[in-house]
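Take a look at the structure set out below.
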Amino acid sequence: MKNFLTSIIIIITASALLQQFLPWWIMAIPAFIVCFFVEQKSFAAFGAGFVAVFCVWFGYSFFLSAANNNILAIKVAELLPLKGRVWLLLTVTGLVGGLVSGFAALSGNLTAKLRQH
């Protein structure tokens, strides 16, 4: 449990900082590196990467959307098949980031296990 929470905190911090200056996919790099070095089960590694970036992307998109009274988010949610529901758009945004980071974390974990054998 300690390794899981440590991984989440490090991934949240690193990905939030790096995404301010680099492309969106940069959050996969810290997830891979952290789960390469922090020993945990594969499912926990995926979960740590997923939860960390889901929180970052959901929170950041909520912050940006709330700053302009959801004007842009409502329009985007109407373009997508979300019927203008902003909370669903924010959830989908978090899911996309979480899945990318979760699979990167799983890859890092499995690469570390391969290296040990």
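The values are calculated or read from the model by the stated rules, or taken from the named source; none is laboratory data. Since this is a predicted model, take the numbers as computed values, not measurements. Glycine gets a Cβ as well: all are built from the backbone with ideal geometry, and neighbour counts include every protein chain shown. Heads up: the accessible areas ignore ligands, DNA and RNA and are worked out on the full protein's heavy atoms, side chains in. Shrake-Rupley method; radii C 1.70, N 1.55, O 1.52, S 1.80 Å.
Quick rundown of the values:
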quantity: Residue match in the stretch 65-77 (condition: touching a Gly at 6+ places or on another chain (Cβ under 6 Å), of a type in the set (Val, Ile, Thr) and under 17 Å from THR93 (Cβ atoms)); calculated: yes
quantity: 3 or more residues over 16 Å from ALA14 (Cβ atoms) and open to solvent by less than 40 Å² (accessible area, probe 1.4 Å): qualifying helices (runs of 4 or more DSSP H) within the stretch 29-117; calculated: 42-67, 86-116
quantity: Given (1) farther than 18 Å from SER107 by Cβ; (2) outside any helix (DSSP H, G or I), index of the condition LEU17 fails; calculated: (2)
quantity: Count of residues meeting criterion [more than 22 Å from LEU95 (Cβ to Cβ) and either part of a helix (DSSP H, G or I) or among the hydroxyl-bearing types (Ser, Thr, Tyr) (or both)] in the stretch 1-14; calculated: 3
